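The values are calculated or read from the model by the stated rules, or taken from the named source; none is laboratory data. Please read all numbers here as calculations on a predicted model, not as lab measurements. With ideal geometry, Cβ positions are generated from the backbone for all residues, glycine too; neighbour counts draw on all protein chains shown.
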Amino acid sequence: MPVTSPDKVSLFAEGTVSTLRLIVYLAAAMIIMVIDHRGGYLQGFRNMASLVVEPAYRAAALPSEVVRAGKLAIATQSHLVDENRALKEALLLAQVRLNRMSALTAQNDRLKQLLDVQRDLGLGVQLAQLIDIDLDPFRHRVVLNAGSVQAIVVGQPVLDAFGVMGQVVEVMPNTSVAMLITDPAHAIPVMVARTGLRTIAYGTGSIDRLQLPNIPISADVKVGDALVTSGLGGRFPAGFPVGEVLEISNDESGMFAAAVARPAAALDRSGEVLLLQDLPQPMGPPVPEPALQAPAGDSSAISTPGGRP
């Protein structure tokens, strides 16, 4: 049986002395609490104790903080990926709409130019659209969405907003084929607008070149001269733009000059064209104007050769 050492005294040991010691300790604790509450003398001690204990708190909370931070990072990354994908789709859609609007604006401008040409010409014209092109490098031809049902006939001149494009060479019920002026088989009578010199412009097989051979060496032709239809041949009415002179050179014989011109029409870009229609020419003398009638009740009247009013 263990024997308790008389030198060791427990705070909670039985006896009067122990009870008195407990009371003294409680009283001292209450006094210290009151003094600290009144004057805050132990605030510095508590601050030092918190500095010592704080690392332990942080170490205990570290696992939960790591888990929370990981979840937040994963959720944030997923959200950013979804948001980035949505923004890319919205940007792509906006770009498509912008491109579509640009194309519609350009088409509207071209149609406005054609309508202005139609209004300025005062001629019978019909609007048509290009629906296909001939990819043969030696045949510059386009297919239009108008044919015999729309009263299209072979030989009708084809124009765009800038000048002569060619003429209709084949007609189907609802489509027609037009030969461009740059086709090697095409020739068009032209006139130099500045001097009135008449010559022929031939297609070269190049979409941006016309050939004007056999120009008299003494002819006044300069680079930059505008070429217009001369009206000869009865196919193209006079005065429509055909091209612009780019180069002038002498042929091998030295007796004639040859010129290279750039077509005025946008042959490789136009999507809408105008087809000129033949208008009936007036026959016989002009219709006389109606005679002036005198106002009712006026004694003065316009005399006629017969002497009757």
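Which residue is nearest to Leu275 (Cα to Cα), if the candidates are limited to the range 176-196 and must be assigned to a loop (DSSP other than H, G, I, E, B) and in contact with a strand residue (DSSP E or B) (Cβ under 6 Å, 6 or more places away or on another chain)?
Start the filter on the range 176-196 by keeping residues that are assigned to a loop (DSSP other than H, G, I, E, B), which leaves 181-186, 193-196.
Remaining after also requiring in contact with a strand residue (DSSP E or B) (Cβ under 6 Å, 6 or more places away or on another chain): 181-184, 186, 193.
On the way: Ile181: 15, Thr182: 18, Asp183: 18, Pro184: 22, His186: 17, Ala193: 23 Å.
Ranking the candidates gives Ile181 first.
The rows are residues; the columns are (1) closer than 20 Å to Ala178 by Cβ; (2) of a type in the set (A, V, I, L, M); (3) at pLDDT below 85.
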{"position": "Ser206", "(1), (2), (3)": "yes, no, no"}
{"position": "Asp220", "(1), (2), (3)": "no, no, no"}
{"position": "Asp225", "(1), (2), (3)": "no, no, no"}
{"position": "Ile248", "(1), (2), (3)": "no, yes, no"}
{"position": "Phe256", "(1), (2), (3)": "no, no, no"}
{"position": "Pro263", "(1), (2), (3)": "yes, no, no"}
{"position": "Arg269", "(1), (2), (3)": "yes, no, yes"}
{"position": "Leu275", "(1), (2), (3)": "yes, yes, no"}
{"position": "Pro286", "(1), (2), (3)": "no, no, yes"}
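Within the range 158-180, if we keep just the residues that are without any contact (Cβ under 8 Å) to a residue 40 or more places away in the chain and more than 19 Å from Asp136 (Cβ to Cβ), the residue that is surrounded by the fewest Cβ atoms within 10 Å (Cβ to Cβ) turns out to be Pro173.
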